[in-house]
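Q: Here it is, the structure, as structure tokens.
The values are calculated or read from the model by the stated rules, or taken from the named source; none is laboratory data. Predicted model, so just to flag it, every value in this text is computed and none were measured. We place every Cβ from the backbone using ideal geometry, glycine too, and count neighbours over all the protein chains shown.
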Amino acid sequence: MSFFETVRSGLEAIATHRMRSGLTVLGILIGIAAVILTVGLGEGATASVNSAINSLGTNLLIVTPGSSSTGLVRGGAGSADTLTYANAQDLANKKDCPDIAGVAPQVSAFATLVAGSQNWTTTVYGSTTQWLSVRGRSIAEGSWFTPSQMSHAGNVVVLGQTTAQELGLTFNPIGQTVNIDNVPFTVIGVLNSSGSSSSAQNQDDLAVVPLTTAEEVTGSTTVSTIYLQAKSQSTLDAADQEATNLLLQLHGITNPTEADFTITSESSLVSTATSVDRTLTVLLGGIAAISLLVGGIGVMNIMLVSVTERVREIGLRKALGATPGVIRRQFLIEASTLGLAGGLAGAALGIIGAEVIPHFISNKISISGFATVGAVIVAVAIGIIFGVYPASRAARLAPIEALRSE
Amino acid sequence: MVAPGPQANSSSSHTGAPGAPLITGPATGLAGRQRTERPVIEFQNVWKTYQSAEPVYALRGVSIKIYAGEYLSIIGPSGSGKSTFMHILGCLDTPTSGRYLLAGSDVSKMDEEALAEVRNRRIGFVFQQFHLLPSLSAWRNVELPLLYAGVGRQERRARAMSALEQVGLANRSSHHPNQLSGGQQQRVAVARALVTEPDVVLADEPTGNLDSHASADVLSMFADMHKAGRTVVLITHENDVAAAAERIMRFRDGKFVDAEETAA
């Protein structure tokens with residue numbers, strides 16, 4: 001009996017028992033859809049954590065001023081004016097800090113921006129040319145400010161996407177004039193969207209001007225934050241140490257516990273978030289795997305029922321010349337077809353679910369082709385594995401016993 | 001026709017199984033006939049024992065020769081062991097001891113795969129309960145043995161249709177068994193038995209579930225087969241059914257008790 005004929009026989013047997021086959025397929029379907037959605041949920045969460053990291057910049061250290069001490073009165077964190085642009089320039093010195101790749105000091109203030117008849121209040125940052133690369137941002141339109149504009153304290157501004165929109169500068173914004181607290185600035189660029197909406201602060205509603213220009217306007221030389229970018233993930237700790245040592249030395253502090261600044265690493269937050277995420281994925285994946293196992297046992301149960309119910313048919317087929325091998329193959333094909341049907345339907349349900357479910361929950365579900373194809377293959381494998389025992393039972397049936405049963 | 005093989009004319013040969021007395025089987029009733037060819041079926045002192053608390057002897061040293069073209073009926077009461085005999089004859093079961101030669105080859109020692117092939121090529125079954133598959137149409141039922149023989153689709157269809165034509169059901173080829181009467185179902189089963197052109201057609205109570213009209217119909221088909229030169233073995237417990245055959249063998253207590261020949 002040819003393979004094609006065996007497949008045909010198997011499919012006919014499935015078609016004869018539509019209801020039963022349908023329920024079996026349903027068991028596998030639910031398991032596969034659950035696995036695909038769980039994996040997708042895990043990957044979606046990882047992706048949003050990753051995009052949150054990227055929106056801040058990678059391998060980032062954040063230096064903030066420590067609390068000020070005036071006599072016995074201790075101010076709140078960040079209240080001291082201990083960090084300066086000069087500190088940032090020293091940190092950029094490769095000789096003292098070989099593991100720091102980029103330095104971006106930053107000042108910030110709320111200001112009202114006016115463009116034509118539109119006005120909008122937002123955070124205006126003053127920073128240096130390296131801000132773009134350290135914060136992991138890029139320019140959508142126009143250009144970032146040049147070292148020359150930086151040193152001459154040019155009145156130029158780069159806007160975030162949201163800010164540009166609110167000011168009505170969506171079409172050809174480059175070269176337009178925006179008044180910031182009544183000082184005219186020329187728009188030279190618009191940032192790309194940060195791609196992250198998960199941060200508390202909208203990373204697209206901002207304006208950036210050269211730090212030198214900001215100093216001229218405010219008359220202050222202190223900065224609120226210095227962003228440091230380490231050369232790689234592995235040199236993050238070394239960069240942290242180098243920056244700490246240099247700043248302690250610059251500020252004339254000998255006891256590290258009295259430091260007037262704080263350095264935090266973004267990666268410590270990220271690793272916590274990722275591990276929580278992974279635990280959740282493993283847990284949900286375990287539940288999905290159990291439901292898949294239950295589906296597989298369902299296949300075995302149905303196939304055993306099928307063997308018992310079709311004892312006469314099997315006996316007759318054997319009397320007419322079907323070898324045990326032919327009978328075994330027919331039942332295995334039936335079982336694996338049920339698995340394949342369940343796998344394909346489950347994959348379809350999973351893909352539809354990945355589109356629909358995010359509308360009801362805040363989490364993103366990202367379906368990977370690899371996981372989907374893998375799940376379908378697993379479904380077929382489950383059909384075969386759980387079909388082996390029923391198939392060999394059918395193959396071993398003695399034809400006379402089978403024909404005798406009424 | 002019949003394949004050459006070891007000549008075993010002596011019906012007293014045996015394999016010396018424990019508990020098997022060295023008895024000679026009954027005469028096979030071929031007086032007056034000149035047979036030059038070898039028998040298509042030959043049982044040599046076949047025993048079948050079922051092991052239970054006390055061993056049950058279903059066959060007690062059966063010896064018989066059936067020649068090609070014979071129409072033989074085997075009659076016996078239920079419990080006489082004729083069903084066991086039929087199962088071994090049809091290669092659905094194997095003897096505990098003794099030899100069974102089918103077309104010259106010893107099938108008593110064959111494994112499952114080989115027996116399946118023998119059933120497929122050499123034997124056509126007709127059962128009391130018809131045993132048609134309800135999910136398949138008449139011609140798809142008839143083609144089943146050819147499917148297992150590895151015959152191509154086109155040829156299967158042609159041969160199945162021609163077999164249905166022989167039993168007068170060509171116009172019902174796409175009907176399912178539940179759309180056919182009992183007599184028609186049994187005729188489909190006869191077509192299925194004929195489709196492989198087997199050495200032996202083996203019918204087990206073929207009229208047991210049929211009314212007298214349908215019974216006569218089926219018996220006349222066997223008579224036609226016999227006229228066409230086919231070997232037919234019919235097992236029954238009814239005397240008038242058995243009488244249709246050319247030779248009648250009586251079965252009782254696990255062996256043949258006597259032999260007679262009818263004029264038919």
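Q: Taking A:Thr170 as the residue in question, decide whether it is at pLDDT 90 or above, of a type in the set (Ser, Thr, Tyr) and either farther than 15 Å from A:Ser127 by Cα or surrounded by fewer than 19 Cβ atoms within 10 Å (Cβ to Cβ) (or both). I'd like the intermediate steps shown before the answer.
A: Numbers: at pLDDT 90 or above: no; of a type in the set (Ser, Thr, Tyr): yes; either farther than 15 Å from A:Ser127 by Cα or surrounded by fewer than 19 Cβ atoms within 10 Å (Cβ to Cβ) (or both): yes.
The answer is no for A:Thr170.
Q: Do we find that A:Ile352 is more than 14 Å from chain B (Cβ to nearest Cβ) and surrounded by fewer than 23 Cβ atoms within 10 Å (Cβ to Cβ) in this structure?
A: yes
Q: B:Leu144 - would you say it is in contact with a Pro (Cβ under 6 Å, 6 or more places away or on another chain) and either facing another protein chain (nearest Cβ under 8 Å) or not in a helix (DSSP H, G or I) (or both)? Explain how you work it out, then say what you get.
A: Details: in contact with a Pro (Cβ under 6 Å, 6 or more places away or on another chain): no; either facing another protein chain (nearest Cβ under 8 Å) or not in a helix (DSSP H, G or I) (or both): yes.
No.
Q: Return the pair list, or none, for Cβ contacts closer than 8 Å from residues in the range B:176-193 that are on the phi > 0 side of the Ramachandran plot to residues that are surrounded by fewer than 18 Cβ atoms within 10 Å (Cβ to Cβ), at least 6 apart or on different chains.
A: Once the first residue is on the phi > 0 side of the Ramachandran plot and sits in the range B:176-193, no partner that is surrounded by fewer than 18 Cβ atoms within 10 Å (Cβ to Cβ) comes close enough.
Q: Right, another one. Can you pull out every residue in the range A:361-383 that is of a type in the set (A, V, I, L, M) and either within 14 Å of chain B (Cβ to nearest Cβ) or crowded, with 17+ Cβ neighbours inside 10 Å (or both)? Full working, then the answer.
A: Filtering the range A:361-383 down to residues of a type in the set (A, V, I, L, M) leaves A:361, A:365, A:367, A:371, A:373, A:375-382.
Correct list: A:Ile365, A:Ile367, A:Ala371, A:Ala375, A:Val376, A:Val378, A:Ala379, A:Val380, A:Ile382.
Q: In the range A:317-349, how many residues are at the interface with another protein chain (Cβ under 10 Å from one of its Cβ atoms), among the small types (Gly, Ala, Ser) and part of a helix (DSSP H, G or I)?
A: Taking the range A:317-349 first, the residues at the interface with another protein chain (Cβ under 10 Å from one of its Cβ atoms) are A:317-327.
Now drop any that are not among the small types (Gly, Ala, Ser), which leaves A:319, A:321-322, A:325.
Keeping just the survivors that are part of a helix (DSSP H, G or I) gives A:319, A:325.
Going through the range A:317-349 one residue at a time, the tally reaches 2.
Q: Could you look through the range B:87-113, keep only residues that are in contact (Cβ under 8 Å) with a residue 40 or more places away in the chain, within 12 Å of chain A (Cβ to nearest Cβ) and part of a loop (DSSP other than H, G, I, E, B), and pick out the one that is surrounded by the most Cβ atoms within 10 Å (Cβ to Cβ)?
A: Among residues in the range B:87-113 that are in contact (Cβ under 8 Å) with a residue 40 or more places away in the chain, within 12 Å of chain A (Cβ to nearest Cβ) and part of a loop (DSSP other than H, G, I, E, B), the one surrounded by the most Cβ atoms within 10 Å (Cβ to Cβ) is B:Gly90.
Q: Now for a different question. Of all residues in the range B:114-124 being in contact (Cβ under 8 Å) with a residue 60 or more places away in the chain and surrounded by 24 or more Cβ atoms within 10 Å (Cβ to Cβ), which is nearest to the other protein chains (Cβ to nearest Cβ)? Don't jump to the end; show me each part of the working.
A: Kept after step one, since they are in contact (Cβ under 8 Å) with a residue 60 or more places away in the chain, are these residues of the range B:114-124: B:120-124.
The next check asks that each one be surrounded by 24 or more Cβ atoms within 10 Å (Cβ to Cβ); those that pass are B:120, B:123-124.
Details: B:Asn120: 2, B:Ile123: 9, B:Gly124: 9 Å.
Residue satisfying both the conditions and the ranking: B:Asn120.
Q: Going residue by residue through the range A:311-320, is there one that turns out to be crowded, with 18+ Cβ neighbours inside 10 Å, without any contact (Cβ under 8 Å) to a residue 12 or more places away in the chain and of a type in the set (Gly, Ala, Ser)?
A: no
Q: Moving on. Quick check on the range B:194-243: of everything there that is without any contact (Cβ under 8 Å) to a residue 12 or more places away in the chain and not in a helix (DSSP H, G or I), which residue is nearest to B:Leu146 (Cα to Cα)?
A: First, the residues of the range B:194-243 that are without any contact (Cβ under 8 Å) to a residue 12 or more places away in the chain: B:197, B:212, B:216, B:220, B:224, B:227-228, B:240.
The next check asks that each one be not in a helix (DSSP H, G or I); those that pass are B:197, B:228.
Numbers: B:Glu197: 10, B:Ala228: 21 Å.
Here the answer is B:Glu197.
Q: Looking only at the range B:129-141, how many residues end up being among the hydroxyl-bearing types (Ser, Thr, Tyr) and more than 9 Å from chain A (Cβ to nearest Cβ)?
A: Of all residues in the range B:129-141, those among the hydroxyl-bearing types (Ser, Thr, Tyr) come to B:135, B:137.
Next cut, more than 9 Å from chain A (Cβ to nearest Cβ) only: B:137.
Residues that pass the stated criteria total 1.
Q: Okay, next question. What residue, among those in the range A:350-369 that are out of contact with any helix residue (DSSP H, G or I) (no Cβ under 6 Å at 6 or more places or on another chain) and assigned to a helix (DSSP H, G or I), is farthest from A:Val380 (Cα to Cα)?
A: A:His359
Here is a yes/no grid of residues against (1) in contact with an Asp or Glu (Cβ under 7 Å, 6 or more places away or on another chain); (2) closer than 28 Å to B:Ser83 by Cβ; (3) among the charged types (D, E, K, R); (4) within 10 Å of chain A (Cβ to nearest Cβ):
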position: B:Phe127; (1), (2), (3), (4): yes, yes, no, yes
position: B:Glu155; (1), (2), (3), (4): no, no, yes, no
position: B:Gln179; (1), (2), (3), (4): no, no, no, no
position: B:Arg192; (1), (2), (3), (4): no, yes, yes, yes
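Q: Taking the condition closer than 21 Å to B:Gly69 by Cα, more than 14 Å from chain A (Cβ to nearest Cβ) and touching a helix residue (DSSP H, G or I) at 6+ places or on another chain (Cβ under 8 Å), does B:Val200 pass? Full working, then the answer.
A: Values: closer than 21 Å to B:Gly69 by Cα: yes; more than 14 Å from chain A (Cβ to nearest Cβ): no; touching a helix residue (DSSP H, G or I) at 6+ places or on another chain (Cβ under 8 Å): yes.
No, not satisfied.
Q: Among the residues in the range A:146-163, are any touching a helix residue (DSSP H, G or I) at 6+ places or on another chain (Cβ under 8 Å), of a type in the set (S, T, N, Q) and either surrounded by 15 or more Cβ atoms within 10 Å (Cβ to Cβ) or without any contact (Cβ under 8 Å) to a residue 40 or more places away in the chain (or both)?
A: yes
Q: Picking from A:Val103, A:Val63, A:Val73, A:Val107, which residue would you name as being at pLDDT 75 or above and over 28 Å from the mean Cα position of the chain (by Cα)? So that I can check it myself, show each step before the final result.
A: Numbers: A:Val103 fails: over 28 Å from the mean Cα position of the chain (by Cα); A:Val63 fails: over 28 Å from the mean Cα position of the chain (by Cα); A:Val73 fails: at pLDDT 75 or above.
Testing whether each residue is at pLDDT 75 or above and over 28 Å from the mean Cα position of the chain (by Cα) leaves just A:Val107.
Q: I want to confirm something. Restricting to the range B:204-222 and keeping residues that are among the hydrophobic types (A, V, I, L, M, F, W, C) and over 13 Å from B:Ala244 (Cα atoms), which single residue is surrounded by the most Cβ atoms within 10 Å (Cβ to Cβ)?
A: Restricting attention to the range B:204-222, the residues satisfying the condition of being among the hydrophobic types (A, V, I, L, M, F, W, C) are B:210, B:214, B:216, B:218-219, B:221-222.
Next, from what is left, pick out any that are over 13 Å from B:Ala244 (Cα atoms): B:210, B:214.
Numbers: B:Leu210: 21, B:Ala214: 18.
Only one residue fits best here, namely B:Leu210.
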